[in-house]
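Q: I am attaching a structure below and will ask some questions about it afterwards.
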Amino acid sequence: MSPIIPARKRDLAYAILVVATIITWLIGDWWQGHNVLLPVMAGLLTLTFIKCRLVILDFMALRPVKFFWRSIVIGWVLLVLGLISLAYLISLP
């Protein structure tokens, strides 16, 4: 297996990353200075996970490697996002 992803798949992943980043930015700009609702925060974290997963699997070329190594990196992302969620929930009034 070649760790280099095909150009078409790479371009699609890149387009998804750009669209997800724009959506995240627009949501963040819209809710700036307001009380962010829990579903909005969950949506932002979900978009962040999707973006991280695309980068990890396609741009870091971890898709063809063993499940163990992919799960370590994706588990780290889930841990960080979980800690961010916990900090957000603790900060709620």
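The values are calculated or read from the model by the stated rules, or taken from the named source; none is laboratory data. Just so we're clear, the structure is a prediction, and the values are computed from it rather than from any experiment. Using ideal geometry, Cβ is built from the backbone for each residue, glycine included, and neighbour counts are taken over all protein chains shown. For accessibility, only protein heavy atoms count, side chains too; no ligands or nucleic acids. Shrake-Rupley method; radii C 1.70, N 1.55, O 1.52, S 1.80 Å.
Q: Under the condition of being open to solvent by 50 Å² or more (accessible area, probe 1.4 Å) and in contact (Cβ under 8 Å) with a residue 12 or more places away in the chain, which residue from region 68-88 is nearest to Leu44 (Cα to Cα)? First the steps, then the outcome.
A: First pass over region 68-88, keeping only residues open to solvent by 50 Å² or more (accessible area, probe 1.4 Å): 68-70, 72, 76, 78-80, 83-84, 86-87.
Pick out the ones that are also in contact (Cβ under 8 Å) with a residue 12 or more places away in the chain and you get 70, 78, 84.
Details: Arg70: 23, Leu78: 14, Ile84: 11 Å.
Applying the filter and picking the extreme gives Ile84.
Q: Moving to a separate point now. Can you run down the residue pairs with Cβ atoms below 7 Å, 6 or more apart or on separate chains, where the first is in region 3-16 and under 14 Å from Val55 (Cβ atoms) and the partner is open to solvent by less than 80 Å² (accessible area, probe 1.4 Å) and polar (S, T, N, Q)?
A: Listed by first residue and then by second, the contacts come to nothing, as the list is empty.
Q: Looking at Ala13, Ala42 in this structure, which one is of a type in the set (Gly, Ala, Ser) and either within 29 Å of Pro93 (Cβ to Cβ) or outside any helix (DSSP H, G or I) (or both)? So that I can check it myself, show each step before the final result.
A: Working: Ala13 fails: either within 29 Å of Pro93 (Cβ to Cβ) or outside any helix (DSSP H, G or I) (or both).
Sole residue among the options that is of a type in the set (Gly, Ala, Ser) and either within 29 Å of Pro93 (Cβ to Cβ) or outside any helix (DSSP H, G or I) (or both): Ala42.
Q: Among the listed residues Val55, Val65, Val36, identify the single one that is in a helix (DSSP H, G or I), surrounded by 13 or more Cβ atoms within 10 Å (Cβ to Cβ) and either of a type in the set (A, V, I, L, M) or in contact with a Leu (Cβ under 7 Å, 6 or more places away or on another chain) (or both).
A: Working: Val65 fails: in a helix (DSSP H, G or I); Val36 fails: in a helix (DSSP H, G or I).
Residue meeting the stated conditions: Val55.
So that you can scan it fast, the table gives a plain yes or no per residue for (1) within 16 Å of Ser85 (Cβ to Cβ); (2) hydrophobic (A, V, I, L, M, F, W, C); (3) touching a His at 6+ places or on another chain (Cβ under 8 Å):
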| position | (1), (2), (3) |
| --- | --- |
| Ala7 | no, yes, no |
| Tyr14 | no, no, no |
| Leu17 | no, yes, no |
| Thr24 | yes, no, no |
| Gln32 | no, no, no |
| Pro39 | yes, no, no |
| Gly43 | yes, no, no |
| Leu47 | yes, yes, no |
| Cys52 | yes, yes, no |
